[in-house]
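K.L.:
Got a structure for you, written out below as structure tokens; questions coming shortly.
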Number of protein chains: 2
Amino acid sequence: MAAPLKSIPPAPADLRRDPPDVRPVEGTEADEELATLAKALGHPARVRIMRLLVRREACICGDIVDELPLAQSTVSQHLKVLKEAGLIRGDIDGPRVCYCVEPRTLRRLKALVGSL
Amino acid sequence: MAAPLKSIPPAPADLRRDPPDVRPVEGTEADEELATLAKALGHPARVRIMRLLVRREACICGDIVDELPLAQSTVSQHLKVLKEAGLIRGDIDGPRVCYCVEPRTLRRLKALVGSL
DNA sequence: CCGGCTTATCGCATGATGACGATGAACAGG
DNA sequence: CCTGTTCATCGTCATCATGCGATAAGCCGG
């Protein structure tokens, strides 16, 4: 229940980004969505990658590869899985690729898990 | 290492359930834990089962089977996956088995996802 | 103790996943 | 233009996941 809120103070940039997610957190659609996101997170290397990106300790693909005890091609595969699930995004920056988390999807994941 | 604990005041019933989880929400251990839990949730049928159990719409294995469009043996496999991940528990009740969520693990999952 | 009910497990087929090295594609610098 | 760097993709192999029917195992009512 929201308070009357007469004049909304200017939201900080972090909250102004994108509109709230109105999709339901349960039902068949939500179940499959949660399953897809959970599956994408269902590997230690991918969890690790997510953490690196969240804390911005790495962003460039090469740096991520350096942080993991895996071959470059394997890391690329994991990045692909995370990207296909919508959890991360890859921006091409010259010869490099800068990966970063997709905050919207991450919030969605938290909402879905929270609904359990 | 237990504290000296002279006289602990009687905790209210809600808090007496189980002790708070003191394990860290990040680090290699946590990464693997999150990966394991996420992997267990990484299938629509298992998400569905979790929801059924959380809302207590079903508890007996047979009822769960009736709710899913899958063979009994397949459902049993999914229940096994969830149980091995520690997300649910199965209490034998005569010839039946009553499954229910393991609140502690579910809270742990939420904490781990929340740490992202 | 027998037969029926409920659940778990086995065995198997099929497809997905995870790992790697090798190769390809795109770009920046000379 | 080459050349090196960076990343994605391919091919391959081993392993795991998912589904099912069939069968085993445990319990309750006669």
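The values are calculated or read from the model by the stated rules, or taken from the named source; none is laboratory data. Keep in mind that what you see is a predicted model, and the values were worked out from it rather than measured. Heads up, the Cβs are rebuilt from the backbone with ideal geometry, glycines too, and the neighbour counts pull from every protein chain shown. The accessibility values were calculated without ligands, DNA or RNA, using every heavy atom of the protein model including side chains. Shrake-Rupley method; radii C 1.70, N 1.55, O 1.52, S 1.80 Å.
K.L.:
Kindly list the number of the only condition in (1) touching a helix residue (DSSP H, G or I) at 6+ places or on another chain (Cβ under 7 Å); (2) within 10 Å of DNA strand D (Cβ to nearest atom) that fails for B:Thr74.
P.N.:
(1)
K.L.:
Another one. How many residues are under 10 Å from the mean Cα position of the chain (by Cα) and not in a helix (DSSP H, G or I) when one looks only at segment A:98-116?
P.N.:
Counting residues in segment A:98-116 that are under 10 Å from the mean Cα position of the chain (by Cα) and not in a helix (DSSP H, G or I) gives 3.
K.L.:
Further question: Go through segment A:76-92 and count every residue that is open to solvent by 90 Å² or more (accessible area, probe 1.4 Å) and either among the aliphatic types (A, V, I, L, M) or in a strand (DSSP E or B) (or both).
P.N.:
The qualifying residues number 2.
K.L.:
Still on this model: Looking at B:Asp14 and the list (1) open to solvent by 50 Å² or more (accessible area, probe 1.4 Å); (2) assigned to a helix (DSSP H, G or I); (3) at pLDDT 95 or above, which single condition is not satisfied?
P.N.:
The single condition B:Asp14 does not satisfy is (3).
K.L.:
Can you say whether A:Ile64 is more than 11 Å from chain B (Cβ to nearest Cβ), open to solvent by less than 10 Å² (accessible area, probe 1.4 Å) and β-branched (Val, Ile, Thr), as far as the supplied structure shows?
P.N.:
When the stated conditions are applied, A:Ile64 passes them.
K.L.:
Please indicate, with yes or no, whether at least one residue in segment B:24-31 is modelled with pLDDT of 90 or more, more than 10 Å from DNA strand C (Cβ to nearest atom) and open to solvent by less than 20 Å² (accessible area, probe 1.4 Å).
P.N.:
Within segment B:24-31, one or more residues are modelled with pLDDT of 90 or more, more than 10 Å from DNA strand C (Cβ to nearest atom) and open to solvent by less than 20 Å² (accessible area, probe 1.4 Å).
K.L.:
Determine if segment B:50-70 includes at least one residue that is at pLDDT 95 or above, touching a Gly at 6+ places or on another chain (Cβ under 9 Å) and within 15 Å of A:Glu26 (Cβ to Cβ).
P.N.:
Taking every residue of segment B:50-70 in turn, none turns out to be at pLDDT 95 or above, touching a Gly at 6+ places or on another chain (Cβ under 9 Å) and within 15 Å of A:Glu26 (Cβ to Cβ).
Okay, residues lined up against (1) more than 12 Å from DNA strand C (Cβ to nearest atom); (2) closer than 20 Å to B:Leu112 by Cα:
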| position | (1), (2) |
| --- | --- |
| A:Ala45 | no, yes |
| A:Gln77 | no, no |
| A:Lys80 | no, no |
| A:Asp91 | yes, no |
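K.L.:
Same structure, new question: When only residues in segment B:41-58 that are buried (at least 17 other Cβ atoms within 10 Å of the Cβ) and not in a helix (DSSP H, G or I) count, which is farthest from DNA strand D (Cβ to nearest atom)?
P.N.:
B:Ala58
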